[in-house]
Each structure stands twice: as C-alpha cells, then as structure tokens.
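Note sheet for the following structure.
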Amino acid sequence: MDLALIALSARPLAASAARAGFAALSFDLFADLDTCAHSARCVRVHKKNGCAFDGDDLVQALHSLAPAGLPVVLGGGLEHDPALMARIAERNPILGNAPQTVRVLKDPIALAALCAHLGIPHPPITLESPTAEAFAGASVLEKKIGGAGGAHIRRRAAGDLSPPAPGYFLQREVEGQSLSVLLLANGSSARLVGASRQWRAEDPEHPFRYGGAAGPIVLPEAFAAQMQQGALNVALACGLVGLVSVDFMVSDEGWFLVEVNPRLGATLDIFDVDPLPPLMGLHLAACGGRLPDVLPLPSEAHAAGVIYADRDMVVPQEAWPAHVADRPPAGAAVAKGSPLCTVRATGPSVEIAEARLMELIRALKRELGLEPEPSVVP
C-alpha cells in the first residue's frame, strides 16, 4: 500500500492515484463501484450529522487497516474539523496542508483579514448580527464554518438581523459567475493548473448546492491578472502545498475571492486528464517541494455534473453508462438529497462539453425516473 486517501467521496483522488500508479487505501462515505475499482482497498466509514465523517469510526478504521506512518492525502469533508485532521496526523503523516493552516483558512474572520492585508476583494462577513453599514441593501447568506459542497448555505429572509447559528457565519451575497482557480504549490512558489466555472444544482432545501464544473476556461480578461495574482498571493502568504483551489464570484463590475480550499477537490475530474501528468503524482511531488517548470492544458474541454436523488430510492439493476462515475451498486439505498452519481462529458470547447453534459444528465434522469430537467444554475 502506497498511501491512504480520505474524503467524503474519495473516487476522484483514487482515480488520480491509480493513474499515477499508486496502490491506495481509500476511506469515504460511499465505497461506490468506481472508488473500489481504483483502490487497492476501499472502506466505507459511518456517517454523522447527515453527510459528515464519524470521526471515531474513521480513526478506528485507519488505525486498523493502515500501518503507522502510511502517508495520507485528504480531500473534501474535513475542513470543518481540524481537530479530526490532527488526530489523523498523530499516527499517519498528512501529505498536504497542516490542520493549523486549514483552521486559519476556514476561519471566516481570519480569511477576511488575510484578504484585507493582501488587498484582495472579499465580501463582508460577520459572526454577529449583520450591520446596516456592511450589509445594507444586500442579500445575506448564512454559511457553515468549514462547510463544503454548498448544501449548507442558506439565503436569509430580508430584514433578519439575528446573529448566525453557532458554527455558522454571515456573508453578504455577491452576484456573478462562480469561477475557480486550481493551483499547485510547494510552500514558496505555485503554478496555475487551470481555471473552471461552476454551477449549482438547487432544490428548495439546498439552493446553493454544488452542481458541477467545466474547464479549462479563460478568466475574464478585465480581471484575469488580478485574480491569478490574488490566488498566488494567498498560497504564498499561507505557505500552501500541493493542489489547492481558490473560488471567486465574478461579474462585469468586479470580482471577489469567496473561499480557499487547501486540498484536492472535485475539479480533478476536469484537470486530471491527458496530456497533464497524473495530478496525484504532482501533488505528492509538490508536498516534497518539487514543481514542474510548465503544465500543459487538457487537449479537450471537460465537464462533470452531479445528479442528486430527488426522493428516497433504491439503485436499479441496469448497467450504468460509461460516462457515469461514482456509481452506487445495484440495490443500494440512496436518501433524498444525497448525491447519486457524477456524469462526465468532453468537447472541443467548454460550451460544447457543457451542452453534451446536460443532455447526458437529462437522458440518465429519464432512465432513472428522476425529475426530467437538471436544476442547474450558472
């Protein structure tokens, strides 16, 4: 066994590790067919509070199956719990950013202060009641501290001046397109891997839920240099290592940095493709201080979108199409609102790849008896 992988959904990490020739021990909440196929061994960890790790179960499984000292790579799903990351690191070294670094970047007050220090536009935030000065005339979002995937975000009712719930913060909503920059960093330097655009898959309970991404894209010409420099400045100021992403909201009027994800994420589906080297290999090398001189762009555009169950359902016996990933096994129970699978498409341009993706999503939903149209919001 070469390394352990831990993420709510470890499949993108496991696929990249397999592409790089690593034998991985994967821990996630699903143990779907693809994660199992890409891993030397795959373990399903118990859930807690809906869609989060049961930390005790995760640590027990890691200690039972992974030898002490086996390095660990983390994906999404632990940012809200740096203490759990620290428990993991006590026995198995984390190849990536330290729990203390994640704690700072996921502290909304600390991130806002960092952006102010670096001169990076960032929406007003508060842990207290929203003030008229910072939030007047704007919609207010309530977000979980360290939350991932967007399902935790809610828009506040107009005029609601109450403080956020414990473990949450308030942020002024900014209009625009959600764009993300993927960086490869070694603590003192960084390379741009590529940029992507994202969309939402909303329903009444989850108006800001992550829907998918497509890329590589060209950042808006008016702001591209500033956005790239802002992302690089954050990475260097924090000494980030490995693959990290920086998320922005961009409109014709300007841009805002809204989030930093100091770990591997969903855009592996877009950028871990030929002719790029396997990103897991690049991540591990960067954690050891080594960066490539240049990185090629994918030869095609790629798009990937998540289908969520619109009701409690049992996965049918029919074979999944080749363009589907994160495939649950036949007979598996999937709760309403949970991710069912990921659909992928390619094309000569981002627009064509997205159009193909949406048609594939519509077709698969018809086959599964789900809502006929994908509820995606650019």
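At an R0 of 51 angstrom, the distance between the Cβ atoms of THR131 and ALA23 translates into a FRET efficiency of 0.45. Rolling a 1.4 Å probe across the protein heavy atoms gives the chain an accessible surface of 42 Å² per residue. So, with a 1.4 angstrom probe, what is the percent of accessible area on the chain that is carbon and sulfur? C and S atoms contribute 53 percent here. Spin-label model, GLU90 to SER139: label points 7 Å out along the Cα-to-beta-carbon direction sit 4.3 nm apart. Stretching VAL218 away from GLU175 to a fully extended chain increases their span by 13.5 nm, per 0.36 nm per residue minus the current alpha-carbon distance.
Just checking the listed ones, GLY55, GLY159, GLY242: in the Gaussian network model of the chain with Cα springs under 10 Å, the one fluctuating most is GLY159. The slack in the chain from ASN49 to ALA116, taken as 0.36 nm per residue of separation less the alpha-carbon distance, amounts to 20.7 nm.
Computed over the chain, the per-residue total of -39500 (n - 2.57) for DSSP H runs of n ≥ 4 gives a 222 nm mean residue ellipticity of -8000 deg cm²/dmol, rounded to 500. Under a Gaussian network description of the chain, with springs only between Cα atoms under 10 Å, the residue in ARG11, ARG103, ARG156 that fluctuates furthest is ARG156. What the Cβ-Cβ distance of ASP293 and ALA237 gives, at R0 = 25 Å and to the nearest 0.05, is a FRET efficiency of 0.60. Each of the GluC sites (Glu not before Pro) that DSSP puts in a loop and that has at most 13 other Cβ atoms within 10 Å breaks the chain; the longest unbroken stretch is 1-127. Counted over region 1-145, the DSSP beta bridges are approximately 15% antiparallel. Expressed in Å, the radius of gyration and Dmax of the Cα atoms of region 41-154 are 17.4, 55. Modelled spin labels at HIS63 and ALA322, positioned 7 Å past Cα toward Cβ, are 4.6 nm from each other.
The values are calculated or read from the model by the stated rules, or taken from the named source; none is laboratory data. Note that the structure is a prediction, hence the values are computed from the model and not measured. With ideal geometry, Cβ positions are generated from the backbone for all residues, glycine too; neighbour counts draw on all protein chains shown. Accessible surface is based on the protein model in full, side chains and every heavy atom, while ligands, DNA and RNA are left aside. Shrake-Rupley method; radii C 1.70, N 1.55, O 1.52, S 1.80 Å.
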